[in-house]
C-alpha cells in the first residue's frame, strides 16, 4: 500500500473518532466490519471498504457548519458541497479519470475535505 493511502486512512480514522493507543500504536474504536487485531495504520480499510468509508461520509453530512454538507456520488465522481450548492473549496471537488473507481474518487474527496476542514479549525467552524 502506498504511503499516501496510509496517510489518508490515518487522517480519516482521526476524523471519525478512532483512537490510536498512546503506548501500543494500535487503533481502537468501533470498526464497521470485523478486523483482525491489533489494527495498525496499514490495516485501516477506508480506501477499499464502503462500510468504513461511509463512516466518514456520514460524519461530513452531519457536521454542524453554517451550511449543511452534502456528499454526492455519481458514477465514478464525488462532489462535496454545502446544502445550498456552494463549493467549500475548489480542491474539495473531485473529478475522476478513466482509471479511477467510485470508491477511489470518494476516498479522495473525503481526504481533501478533511484536510480543508482541519485547516479551518474544526472547533471554530462548528456551531454549538
Arrange the following residues from fewest to most other Cβ atoms within 10 Å of their Cβ: 36, 4. 36, 4
Taking the number of other C-beta atoms within 10 Å as the exposure measure, put 47, 14 in order starting with the fewest. 14, 47
Where does each of 6, 12 land when they are ranked from fewest to most other beta-carbon atoms within 10 angstrom? 6, 12
Just grab the label-to-label distance for residue 28 and residue 68, each label 7 Å out from Cα along the Cβ direction, in nm (one decimal). 3.5
How far apart, in nanometres, would the label points at residue 58 and residue 102 be if each is projected 7 angstrom from Cα along the Cα-to-Cβ direction? 1.8
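Every number here is computed from the coordinates shown, using simple stated rules; none is lab data. Please read all numbers here as calculations on a predicted model, not as lab measurements. A quick note on method: Cβ atoms are made from the backbone with ideal geometry, for glycine too, and the neighbour counts reach across all protein chains shown.
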